[in-house]
1. Looking only at the range 40-82, count how many residues are modelled with pLDDT of 85 or more and surrounded by 10 or more Cβ atoms within 10 Å (Cβ to Cβ).
2. Given the conditions (1) at pLDDT below 90; (2) of a type in the set (D, E, K, R); (3) within 12 Å of the chain's Cα centre (by Cα), report the number of the one that Arg26 does not fulfil.
Amino acid sequence: MNTKLTLTIEQSVIEKAKKYARKKERSLSDLIENYLKAITAEQHHHQKQLSPTLTSLKGSFKDTEDFDYKKELSDHLTQKYL
């Protein structure tokens with residue numbers, strides 16, 4: 001169930017975030033929701049310490065249900081080396 005949330009954020013930050021969301025072809029709400037999921041999930045899972053760069057990327061990629069990363073990697077490497 002989705003619920004409306006009101007946030008107070010600096011206008012310049014909002015503008016930059018909207019541009020980022022458009023570039024990634026995602027909604028700002030979706031980006032914020034995934035970010036909140038990522039930071040709250042960390043509290044429940046004891047994971048290896050991630051680099052700041054990797055942590056900043058969490059939630060920025062949304063794949064499809066049928067995405068097969070092993071096949072994609074294999075196809076890319078085949079094209080690269082053959």
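The values are calculated or read from the model by the stated rules, or taken from the named source; none is laboratory data. Remember, predicted model here, so these are calculated numbers, not experimental data. Every residue, glycine among them, receives a Cβ derived from its backbone with ideal geometry; neighbour counts consider all protein chains shown.
1. 6
2. Failing condition for Arg26: (1).
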